[in-house]
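Quick notes on the structure that follows.
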Amino acid sequence: MSTIQFTINNHQTIIEAPPMKRLLDVLREDLHLTGAKEGCGEGECGACAVLMNGELVNSCLIPALQAEGARITTIEGLSINETLHPIQQCFLEEGGAQCGICTPGMILATHHLLDKHPQPTLLQIQEGLNGNLCRCTGYMRIFNAIQQAAHAGAAK
Amino acid sequence: MRSNVANYELIAPGSLDAVLQILASSPDRYTPIAGGTELMVALGAGRLQAKKLISLWNLEELRFIDATPDALIIGSGATFSDIRKHPVIAAEFSILAQAASWTGSIANQNRGTLGGNIVNASPAADTPPVLLAYDAEVTLISARGSRTLPYRKFHRAYKETALEPDELLHSITISRNLYGYKSYIRKVGTRNAQAISKVALAALAQMNDGRIEDIRLGAASLREYPTRLIAAEQSLAGQTITSLTIAAARAAVLTEARPIDDIRSTAKYRATVAANLLEEFLHALR
């Protein structure tokens, strides 16, 4: 077991875990943050995506020990005082979420995209989200939601 | 079947020197892990053989990109995102930037490293054909010192490289003296995003008075490791580009390619498409 310290959604946290335990499992099992989902478990679907030091990563591919000292943001940390984040609001209004499994990863990928490209082109949206698979929406409503979020200045 | 993570050890000594000391002196064999985009997949699938791992992630001694007047030096720990962001790579090494951009998704590019892409030694990896076309050099480091060799001599057999057990890939060096070279890259996969290539070709050529003065062809998924297409290069050196020299180059590719049938494609498709890609490049050189 290793003692691992990191910041999760602005809270300092210390856990005891096997160093190779996947960050995804630490989030879900140790910290009960079940927003990140397991889809493929091999880095292709993005359902487990979180932000680590501001960068989009797939938490199923991160050994817990490599999160030592990191700042991690999950979907649970995005809303402010139980008010939806503007990106979440746009997904809601545009029908960008259906079954919801991919949605936390989609929203964090959108957050990362809008950080880098506050007014993305459709191509930049497609590339920024190409690691996030959705089997419900057909993507068009997600793209619309992202365009609305960009329009609303969600990147801050 | 998921692996039992309690059976795995991971240490993160935090500096390159400390890692090299452990690789040199520990009686246990440690397997380096950087961004985890390969080994963590194996762990999740229950097929990660190595039980003792040593973390290279974010070691500052390996995560760098330096441009000198003559060369570009990329630390093995530089991520695909680092590569895509670098202004000299964007301006002068467009096929490297292109290959980095189609290696996995943004989340994978934020974690996957150039060194990992090379050392993992997959025949289908995205950046090795580019590094072969640029005729890059690789520098290997250990507690005993460092050595540099041409990247084309790094791969020896399927998943077998020049690395000794106590060595790490330190950096990749590419000459910036590419004035007048034309470059080409194309990856053929099932879809644009995320797909592992069925076949890929990266190429560089220098023309002089209508003749090919220098040509270098790097290919993925045509042999058991990333490979230069030496026979095709030799058939083209000094030639003008005509239907005859194109046919000879296509034939040369078919003699040296040893593709396989697997879940992603067939040997026949791979060999034919590789010849088509080369022909496309040659047409563009005319």
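Of all the residues in the stretch B:118-141, those that are under 13 Å from residue B:32 (Cα atoms) and not hydrophobic (A, V, I, L, M, F, W, C) number 1. On the stretch given as the stretch B:29-45, residues that are within 11 Å of chain A (Cβ to nearest Cβ), of a type outside the set (Val, Ile, Thr) and at negative phi total 9.
Checking the stated criteria, residue B:98 turns out not to satisfy the condition of being without any contact (Cβ under 8 Å) to a residue 60 or more places away in the chain and not assigned by TED's automatic domain parsing to the domain that holds residue B:30. Among the residues of the stretch A:9-49, those that are away from chain B (no Cβ under 13 Å) and more than 22 Å from residue A:100 (Cα to Cα) comprise A:10, A:11, A:12, A:13, A:14, A:15. Of the strands (runs of 3 or more DSSP E) lying entirely inside the stretch B:148-255, those carrying at least 1 residues that are without any contact (Cβ under 8 Å) to a residue 40 or more places away in the chain and either closer than 23 Å to residue B:37 by Cα or of a type in the set (Val, Ile, Thr) (or both) are B:211-220.
Does residue A:96 satisfy being over 20 Å from residue B:7 (Cβ atoms) and buried (at least 18 other Cβ atoms within 10 Å of the Cβ)? So residue A:96 passes the test.
When each of B:218, B:180 is tested for being within 21 Å of the chain's Cα centre (by Cα) and away from every other protein chain (no Cβ under 14 Å), the lone residue that passes is B:218.
Residue B:269 passes every criterion in (1) at pLDDT 95 or above; (2) of a type outside the set (Gly, Ala, Ser); (3) within 17 Å of residue B:196 (Cβ to Cβ) apart from (1). Is it the case that the stretch B:139-151 has a residue that's touching a Phe, Trp or Tyr at 6+ places or on another chain (Cβ under 6 Å) and either in the same structural domain as residue B:114 (by TED's automatic domain parsing) or among the acidic types (Asp, Glu) (or both)? Among the residues of the stretch B:139-151, not one is touching a Phe, Trp or Tyr at 6+ places or on another chain (Cβ under 6 Å) and either in the same structural domain as residue B:114 (by TED's automatic domain parsing) or among the acidic types (Asp, Glu) (or both), which makes the answer no.
Across the stretch A:106-139, the qualifying residues are those that are under 19 Å from residue A:42 (Cα atoms) and among the aliphatic types (A, V, I, L, M), and the one among them that is farthest from the other protein chains (Cβ to nearest Cβ) is A:106.
Within the set B:114, B:53, B:59, the sole residue that is facing chain A (nearest Cβ under 9 Å) and either over 18 Å from the mean Cα position of the chain (by Cα) or of a type outside the set (D, E, K, R) (or both) turns out to be B:53.
Taken over the stretch A:29-66, the criterion of being among the acidic types (Asp, Glu), buried (at least 18 other Cβ atoms within 10 Å of the Cβ) and farther than 12 Å from residue B:108 by Cα is satisfied by no residue. For the stretch A:8-28, filtering for residues that are surrounded by 15 or more Cβ atoms within 10 Å (Cβ to Cβ), closer than 20 Å to residue B:9 by Cα and β-branched (Val, Ile, Thr) leaves 2. For the stretch B:254-263, state whether one or more residues are surrounded by fewer than 16 Cβ atoms within 10 Å (Cβ to Cβ), modelled with pLDDT of 95 or more, over 23 Å from residue B:122 (Cβ atoms) and not basic (Lys, Arg). No, the stretch B:254-263 contains no residue that is surrounded by fewer than 16 Cβ atoms within 10 Å (Cβ to Cβ), modelled with pLDDT of 95 or more, over 23 Å from residue B:122 (Cβ atoms) and not basic (Lys, Arg). Taking the stretch A:100-156 and the helices (runs of 4 or more DSSP H) fully enclosed by it, the elements with 3 or more residues that are closer than 14 Å to residue A:87 by Cβ and without any contact (Cβ under 8 Å) to a residue 40 or more places away in the chain are at A:103-116, A:140-151.
Return the only residue of B:220, B:237, B:231, B:249 being aliphatic (A, V, I, L, M), closer than 20 Å to residue B:133 by Cβ and at pLDDT below 95. One residue alone meets the criteria, B:220.
Summed over the stretch A:136-155, residues that are within 14 Å of residue A:98 (Cβ to Cβ), of a type in the set (Gly, Ala, Ser) and at pLDDT 95 or above total 1. Considered as a group, the residues in the stretch B:1-25 that are hydrophobic (A, V, I, L, M, F, W, C) and either within 17 Å of residue B:165 (Cβ to Cβ) or away from every other protein chain (no Cβ under 14 Å) (or both) include one that is surrounded by the most Cβ atoms within 10 Å (Cβ to Cβ), and that residue is B:19. The residues listed here are B:72, B:48; of these, the one that is crowded, with 19+ Cβ neighbours inside 10 Å and away from every other protein chain (no Cβ under 14 Å) is B:72.
The values are calculated or read from the model by the stated rules, or taken from the named source; none is laboratory data. Nothing here was measured: the structure is a model prediction, and the numbers come from that model. Neighbour counts run over all protein chains shown; Cβ positions are idealised from the backbone, glycine included.
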